[in-house]
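I have placed the structure first, in the form of structure tokens, so that the comments after it can refer back to it.
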Amino acid sequence: MGGNRTLLDFLFDHSADGIIVGGAMGQPLQVNRAFEAITGHPAADIRTGATPSAAAARDQLAAILAAAGSPFWSGMLPCADGHDRRFDIILTSVEEGAFGAPCTVGLLRPGHGETPLPDQRFGHDPLTGLPNHVIFLDRVERALLQANRTGGSVALLMLGLDRFILINDALGFTAGDRLLVEVAQRLTDCVREIDTVVRLEGDKFALVMALAAEDDSVIVAEKVLTAIKVPFSIDGHEVAITASLGIGLFPQDAADGPTLVKQADTALHHAKLSGRNQYQFFSAELNRRARARLDLEARMRRALANEEFVVYFQPKVRAADGTIVGAEALIRWNDPTEGLIRPAEFITVAEETGMIEEIGAWVLRHSCRQNKRWQDRRLPSICVAVNVSTRQFRNRHFVETVRDALRDSGLDPSWLELEITESMLMGDVDTAVSRMNALRQLGVGLSIDDFGTGYSSLSYLSRFPITTLKIDRAFVVDVDTNPKAAEIARAIIGLSKGLNLDVVAEGCELPAHVKFLTDHGCRTIQGFYFSRPLPADEFEKLLRRGVLAQPTLSR
Ligand code: C2E
Ligand code: MG
Ligand code: MG
């Protein structure tokens, strides 16, 4: 065959007609992509008789090819969707053909007037409607090309259902098929529209996705595993199943499509060997990081149960006379082995895993109680500000959570403020506005934290019922040296005056910061210049004094 081999391959792969090649006894040796698209049967299924309809089609085709008496056959063949359809086949016997032995070649077309498969788009799986293995590599290559152009990366997640065969055995193929359709739907729900979900064969799927950050693949992997774990309802049976995932990354792991596919496959194999119901990266380093993340998650759960979280308080000070007028509640994690852990190291993971809701509710309750306790001890009344994460804010029970914390503590709502960030206000604006109105109606204050660093859209300042702006530390640290930062700080102060909002500068460390900000009309200052965040009892001592004459740089 020599050089003709590639040309033959090309014709075989790109022919619009289905091609089927049978051995001397008629047994089908090979079918092309068009055959797969027209009948819905993957080549592997035809070879192995993997499904009842593929086995029936194979046996019938073997008989047609073996007879080969007449050059033309027309009749019904079982398709992958379970229906029989009419096909025409032109048969040619090849004496000493491309396969080095006598064989029969059949060209297959849908019979005249035949309705196509329900989803007979080329390269799509008729059962689930997803792209199939025929165009899989093409989709991978396309994603890589795109990533190359934009300098981004691509994650390939290979998914296998764990012990799917047991479902087929227990409930039958039809139930198995129905489960696959549901799985396909859940996988599609887990990804964005620009990503691709492919059904490769049987219970094996692949997800091809462009990545903004490496950690995104972890987030999707966890989302997928969680989504599959929710029991399915199939023919009145509750069916529980888990999945294993192998993840390959481009360009970190592989430089081309076929290698990436192989690596994701290897990783899937590892996931199955390591006990299933989990994901594995191809790269050892990424596996180590993913394990560390899982470990952090487990430790955080324990920390909640063991009350290892503590709230520190950092004063907000009226610069003119050093009076403490408020405090920001800042969480710390007192880990028994690692000591004090700062929020930067765990808040993001808590957000992603959803644990932030529980942790955040705890901080709220705790801060309200603490503030009420100070008031009960006749200390000067101050407003305590609690940070709220996006996920907490978006929860439709959030307002109730706040109301409960207030009721439970007996704190008057005017002594509570919630710090939210600009990014929380993006997206579903109407819901955000009504949620904020409900919070304002409770009587709590609302400040925008890190103002100027988010997707600053000034329009929200007029739409959202905000009470305070907090100038981000990024501008404050530079006010005395960088004219641009100074100008921004000045503009924010002007803006808050014009809109009748309070303004707080956070992150003031130096006398020069305090001087600049107060000179320009920002009267409330928070920062190491006055005090670091302190444990409740130490903060109480400051509050008892009431005035911070000297900066407290104890911690
Ligand atoms: P944030 O809300 O902007 O809090 C201010 C951060 O700046 C705090 O860091 C505080 O310790 C630090 N800071 C204050 N003054 C100065 C200063 O003069 N110099 C410097 N270098 N830093 C200063 P922290 O406590 O590590 O908290 C970091 C972030 O973690 C917070 O930023 C907030 O976004 C988040 N966070 C803290 N506690 C909670 C919480 O209970 N819930 C949620 N969702 N997020 C929290
Ligand atoms: Mg804050
Ligand atoms: Mg801030």
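The values are calculated or read from the model by the stated rules, or taken from the named source; none is laboratory data. Worth saying up front: this structure is predicted, and the values here are computed from it rather than measured. All Cβ positions, even for glycine, are placed from backbone atoms using ideal geometry, and neighbour counts span all protein chains on display. To get the accessible areas, we keep the full protein, side chains included, count just its heavy atoms, and leave off ligands, DNA and RNA. Shrake-Rupley method; radii C 1.70, N 1.55, O 1.52, S 1.80 Å.
Results, tabulated for the structure shown:
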| quantity | calculated |
| --- | --- |
| Per residue, the convex hull volume that the Cα atoms of the range 354-494 enclose (Å³) | 123 |
| Prolate/oblate/rounded label for the range 476-530 (Cα gyration tensor, a/c 1.5) | oblate |
| Estimated vicinal HN-Hα couplings, Hz - the range 189-201 in sequence order (Karplus 6.51, -1.76, 1.60; Gly, Pro = x) | 5, 7, 10, 7, 5, 6, 7, 10, 10, 10, 9, 7, 5 |
| Amide H within-cut-off set for LEU469, under 5 Å, with H built and near neighbours excluded | ILE448, ASP502, VAL503, VAL504 |
| Computed [θ] at 222 nm, deg cm²/dmol, the chain (DSSP H ≥ 4; -39,500 (n - 2.57); rounded to nearest 500) | -13500 deg cm²/dmol |
| Over 19 Å (Cα to Cα) - which of LYS204/LYS272; LYS470/LYS515; LYS372/LYS497 fall in this group | LYS372/LYS497 |
| Mean accessible surface per residue for the chain, computed with a 1.4 Å probe while every protein chain stays in place, in Å² | 47 |
| Vicinal HN-Hα couplings computed from phi for the range 534-548 (Karplus, 6.51 cos²θ - 1.76 cosθ + 1.60; Hz; Gly/Pro x) | 10, x, 3, 5, 6, 4, 4, 4, 4, 5, 4, 5, x, 10, 9 |
| At R0 = 56 Å, FRET efficiency that the Cβ-Cβ distance of PHE10 and ASN437 yields, to 0.05 | 0.30 |
| Label point distance in nm, TRP362-ALA101, each placed 7 Å from Cα along Cα→Cβ | 6.9 |
| Added length on full extension, which subtracts the Cα-Cα distance from 0.36 nm per residue, SER414 to LYS541 | 43.4 nm |
| Fraction of antiparallel bridges per DSSP, the range 195-311 only, in percent to nearest 5 | 75 |
| Antiparallel content of DSSP bridges confined to the chain, in %, to 5 | 70 |
| Under Karplus coefficients 6.51, -1.76 and 1.60, residue-wise ³J(HN,Hα) of the range 378-385 in Hz, glycine/proline x | 6, 7, x, 6, 10, 8, 9, 9 |
| Under DSSP loop assignment and at most 13 Cβ neighbours within 10 Å, longest GluC sites (Glu not before Pro)-free interval of the chain | 339-555 |
| Ratio of Rg to Rh over the range 261-304 (Cα coordinates, Kirkwood Rh, two decimals) | 1.09 |
| Counted charge near HIS237, where neighbours are those whose Cβ lies closer than 13 Å (Asp, Glu -1; Lys, Arg +1) | -2 |
| Cβ charges +1 (Lys, Arg) and -1 (Asp, Glu), total dipole of the range 98-240, debye | 340 |
| For the range 397-520, size of Cβ-based charge dipole, Lys and Arg +1, Asp and Glu -1, in debye | 340 |
| Theoretical gain in end-to-end length, THR242 to ARG377 [0.36 nm per residue, Cα-Cα removed] | 43.1 nm |
| The chain: C-alpha pair distances exceeding 46 Å, % | 36 |
| Amide hydrogen neighbours beyond the local backbone of ASP88, cut-off 5 Å, H modeled | ARG109, GLY111 |
| For VAL239, distant residues with modelled amide H under 5 Å away | PHE232, SER233, ILE234 |
| Cα convex hull volume per residue for the range 6-110 (Å³) | 86 |
